[in-house]
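What follows is a single structure, written as structure tokens, with notes after it.
The values are calculated or read from the model by the stated rules, or taken from the named source; none is laboratory data. Everything numeric in this text was worked out from a predicted model, so none of it was measured. Cβ atoms come from the backbone with ideal geometry, glycine included; neighbour counts cover every protein chain shown.
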Amino acid sequence: MADQVQDSLLREIDDELRHEHYAKLWKKYGNYVVALAIVLVAGVAGYQGWRQWDAKNRMAQSDRFVAALDLRNAGDAAAARQALAALAADAGKGYATLARFQEAGLLERGGDRTGAVAAYTALAEDPSIPEAFRHLAVIRAAIIQLDEADPAALAARVEPLTKADNPWRYSALEITGLLAYRSNDSKKAREVFGQLSNDASAPEGIRGRAAEMLAILG
């Protein structure tokens, strides 16, 4: 029994000491704990506020992009280009990149081939946008220049895009075949178009055009 009483007293003393210790700690650091809690609450509130602002901002950019496309579809190319240029200048990277592609497309449709190539080249050389979009810009510029640029130089530009892991490889191969045909390199043209026409994973349109080119080559 004495042992039990002693153990109970020791526990009570230990509890009192622990309570006194925590009280001293709180007295010494309590203000810091409160300040930290306030900072954490403010941080969470700030993050939630930022998320709401970001969602609202993205929606506004989306609306501006759709409005610019509506102007383009209505035939008002000048107003569409102005709206797209403004979006490219102050929107987030995603919508800014889409706006720049649309601007280049409007230049191409309007017959300004030089301006379109310059716009696509600027996109292709912009390291801040995803690689897939840069490669798409190379493809678009190459298509515009198919009949006028130096075939060897243009082929060298699209050659890295013909690798098996590139999402634009089939378009790059088609361009390569057309450039070979333009350079009177019938052997290479047949090789490239034969590869495309027999590749079941190539887009149907590219396979069909490759078969037509093989028929022309004889």
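Selection of region 73-92 for residues being assigned to a helix (DSSP H, G or I), surrounded by fewer than 19 Cβ atoms within 10 Å (Cβ to Cβ) and under 24 Å from the mean Cα position of the chain (by Cα) yields GLN82, ALA85, ALA86, ALA88, ALA89, ASP90.
One residue alone among ARG64, ARG134 is under 19 Å from the mean Cα position of the chain (by Cα), at pLDDT 90 or above and of a type in the set (D, E, K, R), and that residue is ARG134. Of all the criteria given as (1) part of a helix (DSSP H, G or I); (2) surrounded by fewer than 20 Cβ atoms within 10 Å (Cβ to Cβ), the one not satisfied by ASN184 is (1).
Scanning region 155-181 for residues that are modelled with pLDDT of 95 or more, of a type in the set (Gly, Ala, Ser) and surrounded by fewer than 20 Cβ atoms within 10 Å (Cβ to Cβ) gives a single hit, ALA156.
Restricting to region 166-209, name every residue that is within 22 Å of HIS135 (Cα to Cα), small (Gly, Ala, Ser) and within 30 Å of the chain's Cα centre (by Cα). Answer for region 166-209, where residues must be within 22 Å of HIS135 (Cα to Cα), small (Gly, Ala, Ser) and within 30 Å of the chain's Cα centre (by Cα): SER171, ALA172, GLY177, SER201, ALA202, GLY205. Annotation note: of GLY115, GLY194, the sole residue that is in contact with a helix residue (DSSP H, G or I) (Cβ under 7 Å, 6 or more places away or on another chain), small (Gly, Ala, Ser), farther than 30 Å from THR97 by Cβ and surrounded by fewer than 19 Cβ atoms within 10 Å (Cβ to Cβ) is GLY194.
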